[in-house]
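To start, the structure itself, in structure tokens.
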Amino acid sequence: MSKRIDVKDLNVYYGNFLAVEGVSINIAARSVTAFIGPSGCGKSTFLRTLNRMHEVLPGARVEGQVLLDGDDLYGSGVDPVAVRSHVGMVFQRPNPFPTMSIRDNVLAGVKLNGGRLSKSDAQEVVESSLKGANLWNEVKDRLDKPGSGLSGGQQQRLCIARAIAVKPDVILMDEPCSALDPISTLAVEDLINELKERYTVVIVTHNMQQAARVSDKTAFFNIAGTGKPGKLIEYADTTTIFNNPKEKATEDYVSGRFG
Amino acid sequence: MTRTVHETARATKGRDLTATETKTPESPGRLRALSSRQGAAGDKVFSGAALAAGAIILVVLVAVAVFLVVQAMPALLAPQSQIANGEGFWPYIFPLVVGTIIAAAIALLIATPISIGVALFISHYAPRRLSQILGYIIDLLAAIPSVIFGAWGISFLAPALVPGYTWLSSALGWIPIFAGPPSATGKTLLTASIVLAVMVIPIITSVCREIFLQTPKLHEEAALALGATRWEMIRMAVLPFARPGIISAVMLGLGRALGETMAVALVLSSGPLIASLLQSGNQTIAAEIALNFPEASGLSLNTLIAAGLVLFIVTLAVNLLARWVISRHKEFSGAN
């Protein structure tokens, strides 16, 4: 199921503006990798290049390679739609489809990729995905109610259930807890810990305690100044980044002497 | 109608708020100081203005309704042998109602898919430059007076459609609505409906475009991130979000199609109600009123106004139906 990601010399452009420069990183399968760094340093932009979601913005393009178990996501003839069904994404703000029931939200992606499902298969996917997102017990009696009626934390876990229902190889999370209260955040963090047994998880976070709690490895991104491209400064085991970083900039950032 | 109620409700709500703010008994000096700020006066003025605006709409609506009812009464109460050359009011109005509804329905059937398609193209497919230009053109189309559409329909569209009608009646003539012989001038209810469709397309398109553009990026990205193609994203995120708006847009178009007078009066060679859309015949209420109003007096004038009342009721009923359809799905509208 889960696959490793190897990025080689990736530049990201918005039009002529170089947003992220020269990122090379190797992310192991079945691990949690956190991207940290100040706002505007390109970590979210970089995350989006891992499933080609940056292409939603007109003029965005990349140079370099992103290999998913050796397959280049940017190779000629690779359909971004297919890439996204292998690399799922969870967003900053919970975004269940408001017009769909909880059940239909979970099945939304499955119906796209797999076409039709028998009723019992669909029920199985719904149950296993919601269980996988630690949400089953809370919603099993109201699967036909709208997903927008859930609390923020539940909505975010519903979005995670929706993402894992597609059976992706990788799950990208773009500040998944920044709109949640501490208790919901804890629930999502517990979930991330469980998810890494089956998936490769990459998470962008502004919360350094969160990075320390959930990730195996941490990448620190920084930007030299406004208008300059973001760069990967340091990438190492999370304990190393937080306790014994090689770079001065990393140490300043994780110890709070920065920004 | 419903909008009026909304507006007055909002206005009264605003008034309640200011009322409770000034009434709070325990509010010590600081709170009182807050409520007597300059802003409080502006708030009162604004809520008053909003209330007045809402009230004006209601007053106008009631005034029109009262006028229609009062003026229509003589025609409804008079001995039926005196109405419409002895025909009686209901036998007179029934074919007109049917003609009106058929013409509007065909117009919407043609216009709705085209409008949604054009709006989607502008909002989600066309490059930005092209979509801006197209947007302008659509708005321009909406500004063309109906008499121009009528003139175009009568002098260009009707003759151009005649060969098509001839073919339709020979190929599908066994279906009553396509029964021949087709009109030699092309001045039929179908032509009128097509002209109506062309007239309502810009209205429906520009409302739909606005709504499609308001689809939250969040939901579009959610669909794309699941591996949806652009069309799947539109079906999953854009159309469900826009559904109430599309219905409102179609209702706006329907309002225009039902009430459109000039274009139909010019294009349609009217006559008694017939099933075939390819022969001259049929008539709509609005065109009937416009054509006969200049020479009407006394009871025949009352009859025409009664016809107007019927049109008013039909429009109102259709709008209420649309509101009901929208409210049925409130729970899933995303408003909560």
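The values are calculated or read from the model by the stated rules, or taken from the named source; none is laboratory data. What you see is a predicted model, and the numbers here were worked out from it, not measured in a lab. Every residue, glycine among them, receives a Cβ derived from its backbone with ideal geometry; neighbour counts consider all protein chains shown. Ligands, DNA and RNA are excluded from the accessible area calculation, which covers all protein heavy atoms including side chains. Shrake-Rupley method; radii C 1.70, N 1.55, O 1.52, S 1.80 Å.
Of everything in segment B:72-90 that's assigned to a helix (DSSP H, G or I) and either within 25 Å of the chain's Cα centre (by Cα) or free of Cβ contacts under 8 Å to residues at least 24 places away in the same chain (or both), which residue is farthest from B:Leu304 (Cα to Cα)? Only one residue fits best here, namely B:Ser81.
Among what's in segment A:55-80 and is within 11 Å of another protein chain (Cβ to nearest Cβ) and touching a residue at least 12 places away in the same chain (Cβ under 8 Å), pick the residue that is farthest from B:Pro240 (Cα to Cα).
Filtering first and then ranking leaves A:Gly59.
How many residues, within segment A:13-38, are assigned to a strand (DSSP E or B), over 14 Å from A:Lys231 (Cβ atoms) and open to solvent by 60 Å² or more (accessible area, probe 1.4 Å)? Please lay out each step first, then the result.
To start, the set of residues in segment A:13-38 that are assigned to a strand (DSSP E or B) comprises A:13-14, A:17-27, A:32-36.
From the residues that got through so far, the ones that are over 14 Å from A:Lys231 (Cβ atoms) too are A:13-14, A:17, A:26-27, A:32-34.
If we keep only those that are open to solvent by 60 Å² or more (accessible area, probe 1.4 Å) as well, we get A:14, A:17, A:26.
Residues that pass the stated criteria total 3.
So which residues in segment A:124-163 are of a type in the set (Val, Ile, Thr), open to solvent by less than 10 Å² (accessible area, probe 1.4 Å) and within 14 Å of chain B (Cβ to nearest Cβ)? Full working, then the answer.
Looking only at segment A:124-163, we keep the residues that are of a type in the set (Val, Ile, Thr), and these are A:125-126, A:139, A:160.
Within this subset, residues satisfying the condition of being open to solvent by less than 10 Å² (accessible area, probe 1.4 Å) are A:126, A:139, A:160.
Within segment A:124-163, A:Ile160 is the sole residue that qualifies.
In segment B:289-311, is there at least one residue being free of Cβ contacts under 8 Å to residues at least 40 places away in the same chain, more than 30 Å from B:Ser170 (Cα to Cα) and within 13 Å of chain A (Cβ to nearest Cβ)? Scanning segment B:289-311 turns up no residue that is free of Cβ contacts under 8 Å to residues at least 40 places away in the same chain, more than 30 Å from B:Ser170 (Cα to Cα) and within 13 Å of chain A (Cβ to nearest Cβ).
Which residues, counting only those in segment B:165-188, are touching a Gly at 6+ places or on another chain (Cβ under 7 Å) and either under 30 Å from A:Gly109 (Cβ atoms) or touching a residue at least 60 places away in the same chain (Cβ under 8 Å) (or both)? Once the filter is applied, which keeps residues that are touching a Gly at 6+ places or on another chain (Cβ under 7 Å) and either under 30 Å from A:Gly109 (Cβ atoms) or touching a residue at least 60 places away in the same chain (Cβ under 8 Å) (or both), segment B:165-188 yields B:Tyr165, B:Ser169, B:Ala179, B:Gly180. Pairs meeting the criteria (first residue in segment A:135-150 and free of Cβ contacts under 8 Å to residues at least 40 places away in the same chain, second residue assigned to a loop (DSSP other than H, G, I, E, B) and of a type in the set (D, E, K, R), beta carbons under 9 Å, at least 6 apart or on different chains) are A:Val139/A:Lys145; A:Gly149/A:Arg142.
Note on segment A:191-218: residues that are assigned to a helix (DSSP H, G or I), open to solvent by 60 Å² or more (accessible area, probe 1.4 Å) and touching a helix residue (DSSP H, G or I) at 6+ places or on another chain (Cβ under 9 Å) amount to 3.
Considering each of A:Val83, A:Val20 in turn, give the residue that is within 11 Å of chain B (Cβ to nearest Cβ) and β-branched (Val, Ile, Thr). It would help to see each step written out before you state the result.
Numbers: A:Val20 fails: within 11 Å of chain B (Cβ to nearest Cβ).
Only one candidate passes the filter, namely A:Val83.
Would you call A:Asp121 over 20 Å from the mean Cα position of the chain (by Cα), assigned to a loop (DSSP other than H, G, I, E, B), away from chain B (no Cβ under 14 Å) and more than 17 Å from A:Arg198 (Cβ to Cβ)? Break it down stepwise before answering.
Values: over 20 Å from the mean Cα position of the chain (by Cα): yes; assigned to a loop (DSSP other than H, G, I, E, B): no; away from chain B (no Cβ under 14 Å): yes; more than 17 Å from A:Arg198 (Cβ to Cβ): yes.
When the stated conditions are applied, A:Asp121 does not pass them.
If you check B:Val264, B:Val310, which single one turns out to be at pLDDT 90 or above, in the same structural domain as B:Gly180 (by TED's automatic domain parsing), among the β-branched types (Val, Ile, Thr) and open to solvent by less than 30 Å² (accessible area, probe 1.4 Å)? Steps first, answer last, please.
Numbers: B:Val264 fails: at pLDDT 90 or above.
Within the list B:Val264, B:Val310, the selection yields B:Val310.
The set of residues from segment B:237-283 being hydrophobic (A, V, I, L, M, F, W, C), within 14 Å of chain A (Cβ to nearest Cβ) and in contact with a Pro (Cβ under 9 Å, 6 or more places away or on another chain) comprises B:Ala237, B:Phe241. Of the candidates B:Thr215, B:Thr229, the single residue that is open to solvent by 40 Å² or more (accessible area, probe 1.4 Å), within 14 Å of chain A (Cβ to nearest Cβ) and among the β-branched types (Val, Ile, Thr) is B:Thr229.
Across segment A:90-109, what is the number of residues that are of a type outside the set (Phe, Trp, Tyr) and open to solvent by less than 20 Å² (accessible area, probe 1.4 Å)? Steps first, answer last, please.
So in segment A:90-109, the residues of a type outside the set (Phe, Trp, Tyr) come out as A:90, A:92-96, A:98-109.
Filter once more, so that each one left must be open to solvent by less than 20 Å² (accessible area, probe 1.4 Å): A:90, A:95-96, A:98, A:101-102, A:105-109.
Qualifying residue count for the region: 11.
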